[in-house]
Amino acid sequence: MQRPNAAQITYGSATVVLATVALLLLSGTTTTLGVAVICAAGLLLGALVAVTMPVRERPVNTPATEGIRVPAERVGAGADTRIGS
């Protein structure tokens, strides 16, 4: 399974919050069991939205000829470049 992208995480999280708040307001439940059931339903709905959301099929463009870039050693102000000190 692929890692979820930013849009999937965003839509899933928003669905969890909005669905849970809406279900709590519409049901009017005050019991611990009722709140737990509604929270679980919101979590399942958010996961369903995140998983069923279409994924972009376009791969990330990375040139195969490009090697790993290693930064050059910094020599400049503050570096002790004197020989035989």
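The values are calculated or read from the model by the stated rules, or taken from the named source; none is laboratory data. On a predicted model such as this, the values are computed, not experimentally measured, just so you know. We work out accessible area using only protein heavy atoms, side chains counted, and drop any ligands, DNA or RNA first. Shrake-Rupley method; radii C 1.70, N 1.55, O 1.52, S 1.80 Å.
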Run the numbers on region 11-59 and let me know its relative contact order in percent, using alpha-carbon pairs under 8 Å that are six or more apart. 56
Sorted list, accessible surface of protein heavy atoms, 1.4 Å probe, largest first, for Ile38, Ile68, Ile9 is Ile68, Ile9, Ile38
Extension length gain for Ser27 and Ala40 (0.36 nm per residue less Cα distance), in nm, is 3.2 nm
